[in-house]
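Only one structure is covered here, and it is reproduced in the block below.
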Amino acid sequence: MAITGESHSQFHVLAVDDSIIDRKLIERLLKTSSYQVTAVDSGSKALKFLGLHEEDDHSNPDRVPSVSPNDHQEVEVNLIITDYCMPGMTGYDLLKKVKESSSLRNIPVVIMSSENVPARITRCLEEGAEEFFLKPVRLADLNRLKPHMMKTKIKNEKLGRSRKA
């Protein structure tokens, strides 16, 4: 018995949104598309899940952040989708921290916002976001995620092989 959408289930998406309604909506859409989903309500919780702690970010850019095994899951995240407007750390701040981190910079980041502000969209894309979705996010938007995850998966597999050699 073949399971439809089986190819997507190997992809793990980290969804970040401070609004429980928006978070549940994006989580349901991702699960409908057969992605594995971890949802958190802030940028700092996303960094913690990824094993990156805020205090590690600027002390020494070459140093690998300290990660204790209890702090985050050993789950490969294939994509981060984050709200732009959040208290504390915005989606843009999260994007910058991910792209500045040597261990996380290859993870594609998608920003979502209910506000259509061209300068904000341009700034996020220039900083390294793969896509910028306007809320409410639709199933059709999520179809644009897979190519970004495939690119990263292939890159990671090549890295894995070269490290084993």
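Values in this text are rule-based calculations from the coordinates and carry no lab data. Please read all numbers here as calculations on a predicted model, not as lab measurements. Heads up, the Cβs are rebuilt from the backbone with ideal geometry, glycines too, and the neighbour counts pull from every protein chain shown.
Here are some notes:
- Residues of type lysines that LYS135 reaches as a straight line, Cα spacing below 28 Å, ignoring anything fewer than 8 places off in the same chain: LYS24, LYS31, LYS45, LYS48, LYS96, LYS97, LYS99, LYS146, LYS151, LYS153
- Dipole size of region 73-165 about its Cα centre, with +1 on Lys/Arg Cβ and -1 on Asp/Glu Cβ: approximately 500 debye, rounded to the nearest 20.
- Region 100-162 shape via C-alpha gyration tensor axes, a/c threshold 1.5: oblate
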